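First the structure, in the form of structure tokens, and then the observations on it.
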Amino acid sequence: MSPSPTVDMIARLATALRMSANELFSQAIRPAGKHVLLFMEDDMMTSLERARTASTKSATATDKTAQEWLCAGGPTDHDTHKDHNCLSIKLHRDINNAYKPKAITASLSNELSRHQANISGSDIGIIFDETSSLMNHVNNPMSIVEFEHDWKQVVTDATQAVGAFAAWNICVYRIDNLLSLHNPDEVAQDLLRSHDNVWSARNKQITTGNTAAKRLLTLVRPKNVSAKSWSAHTNAVVQELQLSA
């Protein structure tokens with residue numbers, strides 16, 4: 001076990017950082033942010049409205065409430081997000097044949113820096129609404145899925161660099177975009193494994209956790225697999241995931 005700092009050391013660190021000892025201690029024990037898969041079956045409500053509803057519904061006693069929301073969405077979402085007091089960011093500025101994780105990482109850092117004055121010191125929620133449609137336009141969509149396994153750390157590092165905390169890191173996928181892929185069942189299972197939780201949005205209803213995961217897997221069942229066999233497979237996958245409530 002590594003040595004614990006003394007009270008005197010904590011006080012000195014707090015002074016050097018120009019913050020109170022209580023604030024420093026609070027920052028040190030802050031719970032990890034949530035990396036959430038939000039899949040939407042329709043557009044009856046915006047991803048922002050659904051994220052706000054679901055984050056409140058699924059939050060635990062130690063979870064942070066987002067003080068600011070940032071939305072990385074397409075042009076059709078910009079005005080809606082603006083009306084709901086959501087800071088707009090855009091990661092995919094160029095339409096390329098290939099998805100480039102390094103370019104996206106750099107773009108995220110630049111966009112957060114642009115809003116640093118608004119978000120520094122805040123617990124924020126970020127909604128990534130661009131990725132789903134992008135999967136159908138690049139020639140390497142599986143690179144997006146693979147990058148999801150690193151995305152939580154990428155977002156954590158980028159928000160910490162501007163003095164903020166990513167309480168909610170929400171990746172939006174629309175079921176139509178997933179079903180248009182060659183292997184939607186494999187993609188869905190990989191996405192479930194790379195996120196802390198999953199939210200299912202249909203009409204005005206939001207389900208979370210295991211129920212949402214089962215819903216997603218049911219929708220992507222391969223046509224050559226019976227409902228009974230797929231149900232057993234789904235139960236095994238969900239049991240393995242150990243998702244948040």
Exercise for the section: State whether one or more residues within region 35-43 are loosely packed, with under 13 Cβ neighbours inside 10 Å, assigned to a loop (DSSP other than H, G, I, E, B) and at pLDDT 80 or above. Expected result: yes
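Of these, Ile10, Ile104, which one is surrounded by 12 or more Cβ atoms within 10 Å (Cβ to Cβ), at pLDDT 65 or above and under 15 Å from the mean Cα position of the chain (by Cα)? Before you say what the answer is, go through the steps one by one.
Working: Ile10 fails: under 15 Å from the mean Cα position of the chain (by Cα).
One residue alone meets the criteria, Ile104.
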Problem - Total residues in region 193-245, condition part of a helix (DSSP H, G or I) and out of contact with any strand residue (DSSP E or B) (no Cβ under 6 Å at 6 or more places or on another chain) - result: 23
Handout entry: Neighbours by Cβ (under 6 Å, 6+ apart or cross-chain): first from region 107-119, surrounded by fewer than 20 Cβ atoms within 10 Å (Cβ to Cβ); second modelled with pLDDT of 95 or more and small (Gly, Ala, Ser)
Key = Ser109/Ala158
Exercise for the section: Within region 104-118, track down each residue that is small (Gly, Ala, Ser) and either in contact with a His (Cβ under 9 Å, 6 or more places away or on another chain) or within 14 Å of Met135 (Cβ to Cβ) (or both). Expected result: Ser107
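The values are calculated or read from the model by the stated rules, or taken from the named source; none is laboratory data. Worth saying up front: this structure is predicted, and the values here are computed from it rather than measured. Don't worry about glycine lacking a Cβ; one is built from the backbone with ideal geometry, like all the others, and counts go over all protein chains shown.
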